[in-house]
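Inspection log for the structure reproduced underneath, given as structure tokens.
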Amino acid sequence: MTRRQLALCALLTALPVFGSALIDPTRPAGQGSTATVRAHTAHSDWTLDSTLVAPDRRVAVINGKRVSEGETVDGARVIQIRKLEVLIQAAGKRKTLQLLPDIVKKQQ
């Protein structure tokens, strides 16, 4: 084995030790953090983190939880998932969660 191969092997065996401290930048906000999820639940507030609208499925991430139409998240039922927003119903009232609320306001 060359020095370069040995160094690569040493690095790869050390990765599990160092890898536990890394944060996945693609993980939706709040996922894996019970403190964040509890904060959302305590205030009865819903935050739309992402949406996926495809011909065969519609999925949203609300308060760090993946949901489909008809499912519930923190006391709200998901009525409809659209490209940039999700319609939910809670306590008999409907509310629209926007993925990019600041940009949507500027366009109107």
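Nothing in this text is a laboratory measurement; each read-out follows from the coordinates by a stated rule. Values in this document were obtained by computation on a predicted structure and should not be read as measured data. Cβ: placed from backbone, ideal geometry, glycine included. Neighbour counts: every protein chain shown.
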What trypsin sites (Lys or Arg not before Pro) in the stretch 58-88 are in a loop by DSSP, with at most 16 other Cβ atoms within 10 Å of the Cβ?
82, 83
For the stretch 61-102, what is the per residue volume of the convex hull drawn over the alpha-carbon atoms, in cubic angstrom?
69 Å³
